[in-house]
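Chemist: The structure under discussion is supplied below as structure tokens; questions concerning it will follow.
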Amino acid sequence: MRSKIIAGNWKMYTTPTEGDKLADELVASLKNMDLGNKKVIIIPPFLHIRSIASKFQGIADVSAGAQNCHQETEGAFTGEISAKMIKDAGAEYVIIGHSERRQYNHEDNELLYNKVRAVLDQGLTPIYCCGETLVQRENGIYFETVSSQISEGLFGLMPDMIGKVILAYEPVWAIGTGKTASPEQAQEIHAFLRNLLAGQYGKEIADNMIILYGGSVKPANAAELFGMKDIDGGLVGGAALKASDFIAIIQAA
Ligand code: PEP
């Protein structure tokens, strides 16, 4: 049985001081919760990772992640952060290919494949994002869009590596807009992604892959989304910045 994962992407919000405070609030709730087969991942800005990862150290199934990394292990790349550094700071997951990075930093599938490799090389777990824009949805090319994001960004991986990746389907039109994909719309794409994986790597690997949904997940819509057959939890943005909302989303899973 696949576990459910709830990941909170803090984006470029919270100073380190504010981040510590939010993490302390989360720790106070999470340390008394029975997570069962759920896992929780907190993904703050790079600067906060070391402090926040140490706060979660004693809590089973709660860990820290990073929002991006460079594709090289080290080098003369001013301003960049490598997966090796992220690992040493205490994080276990790295988001790769978030739509905001695809859009504002012009990250393409080829670069993202190299980033996925860099994360896996460090023994960390990539959370690889895909999703169509509003124009792509309206033009009916959303299957093609996610299909090329997945095949170009991931299908170079060997079968023993793809199983270590978490996928996140995040329709761009639903991120931070308050518009959520309906559970049926999300399920349609999740099932499509699982089929795509089955075609490339076989049914067993596909059935075991975790596929998260992201895009305006809130306490009010989480249970319905997470109740769909192929939705294995959520990548949460805005609602991850308020401890009570994030905890309510975890409880909905
Ligand atoms: C995200 O940033 O990955 C996200 C899904 O944001 P939001 O929940 O705010 O739509």
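The values are calculated or read from the model by the stated rules, or taken from the named source; none is laboratory data. In this text the structure is predicted, and so the values were computed from the model without any measurement. As a convention, Cβ positions derive from the backbone with ideal geometry for all residues, glycine included, and neighbour counts pool all protein chains shown. Protein only, heavy atoms only, side chains kept; ligands, DNA and RNA dropped before computing areas. Shrake-Rupley method; radii C 1.70, N 1.55, O 1.52, S 1.80 Å.
Chemist: Tell me the mean residue ellipticity at 222 nm calculated for the chain from its helices only (DSSP H runs of n ≥ 4, each -39500 (n - 2.57), averaged over every residue, nearest 500).
Modeler: It lands at -13000 deg cm²/dmol.
Chemist: Within 12 Å, Cβ to Cβ, of CYS130, how many net charges do the neighbouring residues add up to if Lys/Arg are +1 and Asp/Glu are -1?
Modeler: So the surrounding residues net to -3.
Chemist: Could you sort GLU224, GLU188 by accessible area so the largest value comes first, with the probe set to 1.4 Å?
Modeler: The residues order as GLU224, GLU188, largest area first.
Chemist: Here's another thing I want to ask about it. Build a GNM of the chain with springs between Cα atoms under 10 Å: which of GLY58, GLY75, GLY199 gets the top mean-square fluctuation?
Modeler: Answer for the Gaussian network model of the chain: GLY75.
Chemist: Compute the relative contact order of the chain as a whole-number percentage, counting only Cα pairs closer than 8 Å that sit 6 or more residues apart in sequence.
Modeler: Averaging sequence separation for qualifying contacts and normalising by length gives 20 percent for the chain.
Chemist: Mind ranking TRP173, TRP10 by accessible surface for me, highest first, 1.4 Å probe?
Modeler: Result of the area sort, largest leading: TRP173, TRP10.
Chemist: Moving to a separate point now. With a 1.4 Å probe and all protein chains left in place, how much of the accessible area of the stretch 4-252 comes from carbon and sulfur atoms, in whole percent?
Modeler: 51 percent
Chemist: Can you tell me the length gained on complete extension of the stretch PHE155 to PHE46, counting 0.36 nm per residue apart and subtracting the Cα distance?
Modeler: Stretched out fully, the PHE155 to PHE46 stretch lengthens by 36.4 nm.
Chemist: Output needed for the chain: three equivalent-ellipsoid semi-axes, defined as square roots of 5 times the C-alpha gyration tensor eigenvalues, in descending order, whole Å.
Modeler: Value: 25, 22, 17 Å, ordered largest first.
Chemist: At a Cα cut-off below 25 Å, give the lysines reachable from LYS242, other chains included and same-chain residues fewer than 8 away excluded.
Modeler: Excluding near neighbours in sequence, the set is LYS4, LYS11, LYS21, LYS31, LYS38, LYS39, LYS55, LYS179, LYS218.
Chemist: Roughly what would the spin-label model give for GLU224 and GLU204, points 7 Å off Cα along C-beta, in nm?
Modeler: Once both label points are built, they end up 3.8 nm from each other.
Chemist: Could I ask something else about it? Put ASP245, ASP160 in order of accessible area, largest first, 1.4 Å probe: what do you get?
Modeler: ASP160, ASP245
Chemist: Length gain on complete extension for the stretch ASN109 to ASN37, per 0.36 nm per residue less the alpha carbon to alpha carbon distance?
Modeler: Using 0.36 nm per residue and subtracting the Cα-Cα distance, I get 22.7 nm.
Chemist: Could you give the distance between the Cα centres of the stretch 180-234 and the stretch 1-80, to the whole Å?
Modeler: About 22 Å separates the Cα centre of the stretch 180-234 from the one of the stretch 1-80.
Chemist: What accessible area per residue comes out for the chain, rounded to a whole number of Å², with a 1.4 Å probe?
Modeler: Per-residue value: 45 Å².
Chemist: Let me ask something else. Just to check I understand the Karplus step: with θ = phi - 60° and J = 6.51 cos²θ - 1.76 cosθ + 1.60, what whole-Hz values come out for the stretch 147-157, glycine and proline as x?
Modeler: 4, 6, 4, 6, 5, 6, x, 10, 6, x, 6
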